[in-house]
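Chemist: Here you go, one structure.
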Amino acid sequence: MTEPRPDCAVAHYHEIALKGGNRPMFIRRLTDNLRKAVQGLGKIRILSPRGRILLYLNEETPWPILSERLSGIFGIANFSAAYRCPTEPEAIEALVNRLLDSKTFKTFRISARRGDKAYPLTSMELNIRLGRHVQEKTRARVDLEQPELTIHVEILQREALVYFEKLGGPGGLPVGVSGHVLSLISGGIDSPVASYLMMKRGCTIGFLHFHGYPHLTKASLEKAEELVQHLTRHQFESRLYAVAFGEVQRLIVLNVPPPLRVVLYRRFMLRIAEEIAHRERAKAIITGENLGQVASQTLDNLTVIQEAARLPILRPLIGFDKDEIIETAKAIGTYPVSIQPDQDCCRLFIPPHPSVAAQLNDIEKAERNLDVSGLVKMGLETVERMAFTFP
Ligand code: ATP
Ligand code: MG
């Protein structure tokens with residue numbers, strides 16, 4: 001027998017993350033985000049009765065697509081396909097009967113929760129009553145430790161919900177509760193993971209990519225576009241700024257001794273990023289930098305690079321191992337795109353022995369040979385803006 005079509009999806013969030021005075025705002029944001037996520041899946045009503053979110057489905061809602069979308073919504077700890085019925089125990093038993101027709105199992109348990117504390121039975125009494133009922137109907141055995149099937153029952157004010165499997169949500173905070181930031185996205189493995197982690201902490205993200213045009217092709221930009229499109233499933237709309245950096249790099253090369261160049265490229269990237277961050281009203285800049293990974297990412301160099309910007313630079317991957325980053329990239333689906341070959345501007349004009357301990361004096365001296373604001377302007381003149389949406 002095939003399973004009946006679910007009436008609704010029930011989603012739970014992490015209570016602890018949402019405590020305090022911000023709670024109503026967080027829940028409003030989560031429901032707004034869900035409303036965007038279910039676009040195109042027919043009319044779906046979204047409610048948030050005490051501690052949970054309900055999405056009432058319609059005849060056309062395809063559960064596999066809805067489930068896939070819900071699995072990307074930050075703030076959701078878990079969710080399930082659920083069935084609704086009146087709150088009377090008899091009605092719950094009748095629904096359970098109908099649902100169990102399509103299931104075979106030898107052991108089970110009932111996990112009842114009351115959202116409505118005025119309900120005449122306690123959760124324990126309901127567990128016992130429904131447990132007996134299921135035992136009589138199916139001859140299955142109760143196993144509280146490792147049941148094959150858990151039958152969840154939630155009593156709300158006007159209805160009861162019955163559901164089985166809890167599917168994992170991504171956790172985190174609803175996108176939008178933590179403000180807007182600008183992420184430097186390279187097309188490599190790290191920066192998409194850094195962006196994901198900041199979204200997971202509730203940020204909305206604008207993206208900025210530097211490509212090596214006109215001295216390289218724009219292949220790296222195509223990867224950045226693909227990565228941004230992929231990440232947009234968590235925030236529903238994104239803007240990507242693309243800046244041609246090849247000519248800025250060439251002018252740095254002409255005027256700066258080789259060991260300092262890499263740090264200078266980064267300082268110019270940040271200066272350009274800061275201008276774009278102001279246009280975007282972004283409160284911080286995000287990078288995929290990671291301590292000690294490459295020459296540009298020693299503590300000395302990170303410090304000197306940071307000096308070029310006034311906005312805070314956030315580096316969510318600073319203490320990760322490369323293996324951990326790769327694992328996350330695979331889990332969030334960015335890895336296959338990131339490892340495609342491209343023409344990364346960071347590899348353009350790279351000196352054989354970049355300095356690992358640049359000193360601010362030396363850097364500032366080198367920059368006196370450059371028209372700093374002119375180079376920033378030159379980069380900004382090439383900016384292209386692209387928009388992405390999901391679904
Ligand atoms: P990634 O895997 O993100 O490319 P990485 O390990 O290659 O990082 P770097 O090349 O030193 O390290 O870059 C450090 C960070 O600087 C990147 O994570 C990214 O945030 C930013 N960055 C580097 N290159 C670019 C670029 N072409 N466009 C935008 N941001 C960049
Ligand atoms: Mg890189």
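The values are calculated or read from the model by the stated rules, or taken from the named source; none is laboratory data. Not measured: the values here are computed from a predicted model. So basically every Cβ, Gly included, is an ideal-geometry build from the backbone, and we count neighbours across all protein chains shown. Quick note on the areas: whole protein, heavy atoms, side chains included, nothing else; ligands and nucleic acids left out. Shrake-Rupley method; radii C 1.70, N 1.55, O 1.52, S 1.80 Å.
Chemist: Spelling out what I want: for every residue of the range 143-148, take phi, set θ = phi - 60°, compute 6.51 cos²θ - 1.76 cosθ + 1.60 (Karplus), and round to whole Hz; glycine and proline get x.
Modeler: Working through the residues one at a time gives 9, 7, 7, 10, x, 5 Hz.
Chemist: Roughly what would the spin-label model give for Arg35 and Lys330, points 7 Å off Cα along C-beta, in nm?
Modeler: 4.0 nm
Chemist: Further question: For Lys103, go through the aspartates and glutamates and keep the ones whose alpha-carbon is under 17 Å away, minus same-chain ones fewer than eight residues off.
Modeler: In chain and number order, the partners are Glu3, Glu93, Glu136, Asp143, Glu148, Glu165.
Chemist: Follow-up question, since we're still on this one. Keeping the other protein chains in place, figure out the carbon and sulfur percent of the accessible area of the range 151-221, with a 1.4 Å probe.
Modeler: Carbon plus sulfur share of accessible area: 52 percent.
Chemist: Give me the distance in nm between label points sitting 7 Å out from Cα along the Cα-to-Cβ direction at Glu307 and Val383, one decimal.
Modeler: Spacing of the two 7 Å Cα→Cβ label points: 2.6 nm.
Chemist: Could you point to the residue in Pro336, Phe105, Gly131 farthest towards the positive end of the chain's charge dipole, with +1 and -1 charges on the Cβ of Lys/Arg and Asp/Glu respectively?
Modeler: Gly131
Chemist: So what is the accessible area of the range 1-91 per residue, in Å², with the probe set to 1.4 Å? Present the calculation step by step, with values, prior to reporting the outcome.
Modeler: Numbers: 4510 Å² over 91 residues.
Each residue of the range 1-91 exposes 50 Å² on average to a 1.4 Å probe.
Chemist: May I pose another question? How high is the relative contact order of the range 117-230? Use alpha-carbon pairs under 8 Å, at least six apart in sequence, and give a whole percent. Please list the in-between numbers first.
Modeler: On the way: 101 pairs, mean separation 20.3, N = 114.
Worked out over the range 117-230, it gives 18 percent.
Chemist: Also, I was wondering about something else. Taking H placed 1.01 Å from N in the peptide plane, check which residues at least 5 places from Gly206 or on another chain put their amide H under 5 Å from its amide H.
Modeler: Counting only residues 5 or more places away or on other chains, the set is Val181, Leu182, Ser183.
Chemist: Taking the range 209-351 as the region of interest, what is the percent of Cα-Cα pairs per 10 angstrom bin, listed from the shortest bin to the one with the maximum distance?
Modeler: With a bin width of 10 Å, the distribution comes to 10, 36, 43, 10, 0.
Chemist: Select from Val248, Leu227, Met198 the residue farthest towards the positive end of the dipole of the range 136-280; place +1 on Cβ of Lys and Arg, -1 on Cβ of Asp and Glu, and compute about the Cα centre.
Modeler: Val248
Chemist: Could I ask something else about it? Whole-Hz ³J(HN,Hα) for each residue in the range 323-334, computed from phi via Karplus 6.51 cos²θ - 1.76 cosθ + 1.60 with θ = phi - 60°, x for glycine and proline: what do you get?
Modeler: Computed from phi, the couplings for the range 323-334 are 4, 5, 5, 5, 4, 5, 4, 5, 5, 8, x, 8 Hz.
Chemist: Heavy atoms only, probe 1.4 Å: what % of the accessible area of the range 272-391 goes to carbon and sulfur, would you let me know?
Modeler: So the carbon and sulfur contribution to the accessible surface is 52 percent.
Chemist: Express the accessible area of the range 204-345 per residue in Å², computed with a 1.4 Å probe while the remaining protein chains stay in the model.
Modeler: With all protein chains present, the range 204-345 gives 41 Å² per residue.
Chemist: Please give the per residue volume of the convex hull enclosing the alpha carbon atoms of the chain, rounded to a whole number of Å³.
Modeler: Value for the chain: 157 Å³ per residue.
Chemist: Next question, about the same structure. If I take every Cα pair under 8 Å that is 6 or more residues apart in the chain, average their sequence separation and divide by the length, what percent do I get for the relative contact order?
Modeler: Contact order relative to length: 17 percent.
Chemist: Can I ask one more? Relative to the present Cα-Cα distance, how much length would full extension add between His215 and Arg281 at 0.36 nm per residue of separation?
Modeler: Result for the pair: 20.7 nm of gain on full extension.
Chemist: Taking the alpha-carbon distance from Lys330 and a cut-off under 19 Å, which lysines remain once sequence neighbours fewer than 8 residues away in the same chain are dropped?
Modeler: The reachable lysines, counting only those whose Cα sits under 19 Å from Lys330, are Lys200, Lys223, Lys322.
Chemist: While we're here: Suppose every K and R has +1 on its Cβ and every D and E has -1 on its Cβ; what is the size of the dipole of the chain about the Cα centre, in Debye to the nearest 20?
Modeler: Roughly 980 debye, rounded to the nearest 20.
Chemist: Follow-up question, since we're still on this one. What angle do you read, to the nearest 10 degrees and between 0 and 90, between the alpha-carbon axis of helix 219-231 and the longest principal axis of the chain?
Modeler: It works out to around 30 degrees.
Chemist: Using the Karplus curve 6.51 cos²θ - 1.76 cosθ + 1.60 with θ = phi - 60°, what ³J(HN,Hα) values do you get for each residue of the range 108-122, in whole Hz, with x for Gly and Pro?
Modeler: 3J(HN,Hα) across the range 108-122, in whole Hz: 7, 8, 9, 10, 9, 9, 10, x, 10, 6, 7, 4, x, 9, 6.
Chemist: On a full-extension model of 0.36 nm per residue, what is the gain between Leu144 and Glu247, subtracting their alpha-carbon distance, rounded to one decimal in nm?
Modeler: 30.4 nm
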